[in-house]
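First comes the structure, then the notes that go with it.
The values are calculated or read from the model by the stated rules, or taken from the named source; none is laboratory data. Bear in mind that the values here come from a model prediction, so they are computed numbers and not experimental data. A quick note on method: Cβ atoms are made from the backbone with ideal geometry, for glycine too, and the neighbour counts reach across all protein chains shown. Accessible surface is based on the protein model in full, side chains and every heavy atom, while ligands, DNA and RNA are left aside. Shrake-Rupley method; radii C 1.70, N 1.55, O 1.52, S 1.80 Å.
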Amino acid sequence: MEHPLFIFNTLSRKLEQFVPLHSPFVGMYVCGPTVYGDPHLGHARPAVTFDVLFRYLQHLGYKVRYVRNITDVGHLENDADHGEDKIAKKARLEQLEPMEVVQYYTDRYHYFMDQMNVKRPSIEPRASGHIIEQQEWIQQIINNGFAYVSNGSVYFDIEKYTQHFHYGKLSGRKLDDLLATTRELEGQHEKRHPFDFALWKKAAPEHIMRWRSPWSDGFPGWHLECSVMSTKYLGEVFDIHGGGMDLLFPHHECEIAQSVAASGKESVRYWIHNNLVTINGQKMGKSLGNFITLDELFNGKNSLLSKAFHPMVVRFFILQAHYRGTLDFSNEALLAAEKGYYRLMEAYQILNKIKPSPNTSPLSMEEYQQKCFEALNDDLNTPKVLAIFFELVKIINGAYQEIESLSEQNIQFIKDLYHTFIFEILGLLPIESQQSTNLLEKVMQILLDERMIARHRKDFETSDRIRQKLNNIGIEIKDTKTHTEWKII
Ligand code: ZN
């Protein structure tokens, strides 16, 4: 390829040219949700980020096997080694079977990701479906001398590991610094070292999700499932591992340690992390009262929001920021994104209404295509791609108002650019393909017909009232000589 794809590898902390291990095959693993609550903004960002990478790699001609797990066991409260399992807790509070909780929130996750046009991964394995494989890994790590059994639980031996390998290479954290800031936590007495982490936990008598093992009736540690399932489906060494920045330490650091301790190999060649989501400049959290679920975002029922936002507007908003920068959600920012999204999509519809100019020589459009590829190849710079499209939007609008002229060939070229970059790679859906918009069109037609009937019988009071009421909810109507036009403002 003329311009190779560069991505920022968290491991080397620099931009690196992406070269697949077994071209044209690419293996990609992304940490999926722990399914114990409704999906929220923190779930939307990694899903959209890695969806674009998945789509782009496919566009470049790679055969991508994209694995994204579902955590349904072993993820304890506060991401710790001690405490209640997040799913078991939800099941207890709601008086449900843990797997009912898992099924319900997995379905909810799929539903909202479908709304945002996030493609389903190639394989979506569950931790509870891979208990035997996880036990095999634990035994291997014990055999290699990097784990020990303590009171029925198995812990990873960090001190032993650091004698041979570098723990902290991904996050850049130093064990000594970490030790100085560690509190004495409950359950630590079973461990030799405060940073040892659980590979297997002995289940307390009241713990529901438990499996037999050589060490105790218990359940696997949270970090283990990703090492086990990624290599099971992608091979001992694979191309890309992604996830949110919050998983960098300890989750991904522990994954590296587990792989090296089990097989002597680091499994992952390129680590990619998306940055976090903030709300009005603050970290999102239930205790902070600024928690927004995707359901609330799409139906507007949250005190931080003035209205509902379409899933495509949220997707557009996420793509307007580079994935490595923080993304600050606010009602105002979403309103601005909404305007931008509709401007982008309206321009596409206007393309069909432009009269091609026969007398002009075609404008050179290839440079726009070139610039879009360059932006994506530069660490998936989606905001840049959108900026390039807004240059095109100006040209389209100019041609519609007959300030600029576009040839038939130009118009077709721009349509093709929309199809490739906006619809296929960025995954933004055109307005007309959405059911709700179709419905809106029909409802608007009914209103405009009623208004026209009123005008014909010189009932201007009614016709003005319809116009004003539509204006109040952000729809502007304009009468031309032959018909009435409307648009969302
Ligand atoms: Zn993971």
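For Ser287, Ser171, Ser463, give the ranking by accessible area with the largest first, probe 1.4 Å. Mind showing how you got there, number by number?
Working: Ser287 120, Ser171 25, Ser463 0 Å².
Ranked list, largest accessible area first: Ser287, Ser171, Ser463.
Please compute the length gained on full extension between Asn151 and Leu93, using 0.36 nm multiplied by the number of residues separating them and subtracting their Cα-Cα distance. Write down the numbers at each step before the final one.
Numbers: separation 58, 0.36 × 58 = 20.88 nm, distance 2.88 nm.
Difference between extended and current length: 18.0 nm.
State which entries of Lys14/Lys174; Lys307/Lys487; Lys90/Lys169; Lys119/Lys353; Lys169/Lys384 exceed 25 angstrom in Cα-Cα distance in the structure shown.
On the way: Lys14/Lys174 20 Å; Lys307/Lys487 18 Å; Lys90/Lys169 35 Å; Lys119/Lys353 32 Å; Lys169/Lys384 31 Å.
Listed pairs above 25 Å: Lys90/Lys169; Lys119/Lys353; Lys169/Lys384.
Does segment 280-425 come out rounded, prolate or oblate by the C-alpha gyration tensor, with a ≥ b ≥ c the root eigenvalues, rounded set by a/c under 1.5 and, if not, prolate when a/b is larger than b/c and oblate if not?
Note, shape of segment 280-425 comes out prolate.
Kindly sort Phe249, Phe54 by accessible area of their heavy atoms, largest first, with the probe set to 1.4 Å. Display every interim value, and only then the final one.
Details: Phe249 35, Phe54 10 Å².
Listed by decreasing accessible area, they come as Phe249, Phe54.
Can you give the accessible area of Phe460, probe radius 1.4 Å, in Å² rounded to 10?
Around 100 Å² of this residue is reachable by solvent.
How far apart, in nm, are the 7 Å Cα→Cβ label points at Lys339 and Glu441?
In this crude label model, Lys339 to Glu441 measures out at 2.6 nm.
Ordering Arg212, Arg173 from largest to smallest accessible area (1.4 angstrom probe), what's the sequence? Provide the component values of the computation, followed by the final result.
On the way: Arg212 205, Arg173 110 Å².
Sorted descending by solvent-accessible area, the residues read Arg212, Arg173.
Given N residues in segment 369-489, what is Rg(Cα) / (2.2 N^0.38 Å)? Provide the component values of the computation, followed by the final result.
Details: Rg = 19.0 Å, N = 121, 2.2 N^0.38 = 13.6 Å.
In units of the globular-protein estimate, segment 369-489 measures up at 1.40.
With +1 on the Cβ of every Lys and Arg and -1 on the Cβ of every Asp and Glu, and nothing else charged, how large is the dipole of the chain about its Cα centre, in debye rounded to the nearest 20?
Values: 54 positive and 62 negative charges, 156 e Å.
With Lys and Arg at +1 and Asp and Glu at -1, about 740 debye.
Between Asp449 and Glu402, take the C-beta separation as r, use R0 = 41 Å, and let me know the FRET efficiency to the nearest 0.05.
On the way: r = 29 Å, r/R0 = 0.71.
FRET efficiency, Asp449 to Glu402: 0.90.
Compute the Cα gyration tensor for segment 156-259, then decide on rounded, prolate or oblate, letting a ≥ b ≥ c be the square roots of its eigenvalues: rounded whenever a/c is under 1.5, prolate when a/b is larger than b/c in the other cases, and oblate in all that remain. All intermediate terms of the calculation are to be shown ahead of the outcome.
Details: a/c = 1.83, a/b = 1.09, b/c = 1.68.
Here segment 156-259 falls in the oblate category.
All other residues with a Cβ under 12 Å from the Cβ of Gly244 taken together, and with Lys, Arg as +1 and Asp, Glu as -1, what is their net charge?
Surrounding charge for Gly244 is +1.
How large are Rg and Dmax for segment 64-190 when only the alpha carbon atoms are used, in Å?
Every Cα atom of segment 64-190 included, Rg and Dmax give 18.2, 49 Å.
Counting only other residues whose beta carbon sits under 15 Å from that of Pro358, what net charge do I get with K and R as +1, D and E as -1?
Values: positive: Lys355; negative: Glu402, Glu404, Glu408.
Around Pro358, the surrounding residues sum to -2.
Give me the number: length gained by fully extending His419 to Ser330, i.e. 0.36 nm times residue separation minus the C-alpha to C-alpha distance, one decimal in nm.
Values: separation 89, 0.36 × 89 = 32.04 nm, distance 2.97 nm.
Extra length available between His419 and Ser330 comes to 29.1 nm.
Ala308 to Phe6: extension gain in nm, 0.36 nm per residue of separation minus the Cα-Cα distance? Mind dumping the intermediate values first?
On the way: separation 302, 0.36 × 302 = 108.72 nm, distance 3.66 nm.
Going from the current span to full extension adds 105.1 nm.
Compute the helix-to-body angle for 131-143: its Cα long axis versus the longest principal axis of the chain, expressed 0 to 90° and rounded to tens.
The answer is roughly 50 degrees.
Work out the FRET efficiency for Lys478 and Ser171 from their Cβ-Cβ distance, taking R0 = 51 Å, and round it to the nearest 0.05. Write down the numbers at each step before the final one.
Numbers: r = 56 Å, r/R0 = 1.10.
That pair, Lys478 with Ser171, gives E of 0.35.
Please report the antiparallel percentage of the DSSP beta bridges confined to the chain, to the nearest 5. Can you show the working numbers first?
Details: 24 of 46 bridges.
The antiparallel proportion sits near 50 percent.
Given a 1.4 Å probe and every protein chain left where it sits, what share in percent of the accessible area of the chain is carbon and sulfur?
Using a 1.4 Å probe with all protein chains present, the chain comes out at 50 percent carbon and sulfur.
Using only alpha carbon pairs under 8 Å that are at least six residues apart, calculate the relative contact order of segment 434-488 and give it in whole percent. Please report the intermediate quantities before stating the final value.
Working: 30 pairs, mean separation 10.6, N = 55.
Value for segment 434-488: 19 percent.
Given the whole protein assembly as supplied and a 1.4 Å probe, what does the accessible area of Arg13 come to in Å², nearest 10?
110 Å²
Heavy atoms of the protein only, probe of 1.4 Å, neighbouring chains included. What is the accessible area of Trp222 in Å², nearest 10?
Looks like 30 Å² after rounding.
Along Cα→Cβ, 7 Å out, is where each label goes; now give me the distance between the ones at Leu21 and Glu367 in nm to one decimal.
That separation, rounded to one decimal, is 4.2 nm.
Can you tell me, using C-alpha contacts under 8 Å and at least 6 residues apart, the relative contact order of the chain as a whole percent?
Values: 700 pairs, mean separation 76.2, N = 489.
Once divided by the residue count of the chain, the mean separation gives 16 percent.
If the chain were replaced by its equivalent ellipsoid, with semi-axes equal to the square roots of 5 times the Cα gyration tensor eigenvalues, what would those be, largest first, whole Å?
On the way: eigenvalues 498, 150, 60 Å².
Taking √(5λ) for each Cα gyration eigenvalue gives 50, 27, 17 Å.
Can you give the relative contact order of segment 1-160 as a percent, counting alpha carbon pairs under 8 Å and 6+ residues apart?
Details: 175 pairs, mean separation 33.9, N = 160.
It comes to 21 percent, rounded to a whole number.
About its Cα centre, how strong a charge dipole does segment 434-488 have in debye, to the nearest 20, once Lys and Arg get +1 and Asp and Glu get -1 at the Cβ?
Numbers: 11 positive and 9 negative charges, 21 e Å.
Dipole about the Cα centre, nearest 20: 100 debye.
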